[in-house]
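Single-structure report; data block below.
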């Protein structure tokens, strides 16, 4: 699993994940995700390059989303593939981990939640 963290405007962090979010992948993203989710910023997680998510990977995404929410911010998943999207919907995580298909849609979702991106 590869993880890249960058700024995406004022008070927004973008995390790009590439690979499998299995046990090994979840271990690799654990510290960076915890750091970013505790930074009091909105978070966009680009899931385009993720082709598999295990339950431990879901756990890390849920924990990150809850940490972000504690600061009245939002975590959004950007463009997961159809299998990952189906997994998230089947697991009942669609509300906790909202899915968008473009960066513009992510910005609009953050604006709608009261967190205006620049």
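Computed on the stretch 2-112, with alpha-carbon pairs under 8 angstrom and 6+ residues apart, the relative contact order is 24 percent. Hey, with R₀ at 30 Å, roughly what FRET efficiency would residue 40 and residue 85 work out to, going by the Cβ-Cβ distance, to 0.05? Efficiency for this residue pair is about 0.60.
Provide 85, 90, 4 in ascending order of the number of other Cβ atoms located within 10 Å of each residue's Cβ, fewest first. Exposure proxy ranking, most exposed first: 90, 4, 85. Panel order for 47, 1, by other beta carbons found within 10 Å of each beta carbon, from fewest to most: 1, 47. Modelled this way, with points 7 Å down the Cα-to-C-beta line, the labels at residue 103 and residue 55 are 3.7 nm from one another.
Return one number: the angle in degrees, 0 to 90 and rounded to the nearest 10, between the long axis of the Cα atoms of helix 55-70 and the longest principal axis of the Cα atoms of the chain. Orientation of helix 55-70: about 20 degrees from the principal axis.
Per residue of the chain, the DSSP helices (runs of n ≥ 4 H) give a summed -39500 (n - 2.57) that works out to -13500 deg cm²/dmol at 222 nm.
What is the angle, in °, between the Cα long axis of helix 23-37 and the longest principal axis of the Cα atoms in the chain? Nearest 10 is fine, range 0 to 90. That works out to roughly 10 degrees.
Which part of the stretch 35-65 falls in the paramagnetic zone of residue 96, meaning amide N under 15 Å from the point 7 Å along Cα-to-beta-carbon? The answer is 54-65. Residue exposure proxy: 113, 6, ordered by other Cβ atoms within 10 angstrom of their Cβ from fewest to most, comes out as 6, 113.
Rule-based calculations on the coordinates, nothing more; no lab input. Everything quoted here is computed from the prediction, not taken from an experiment. Backbone-built Cβ (ideal geometry, glycine too); neighbour counts: all protein chains shown.
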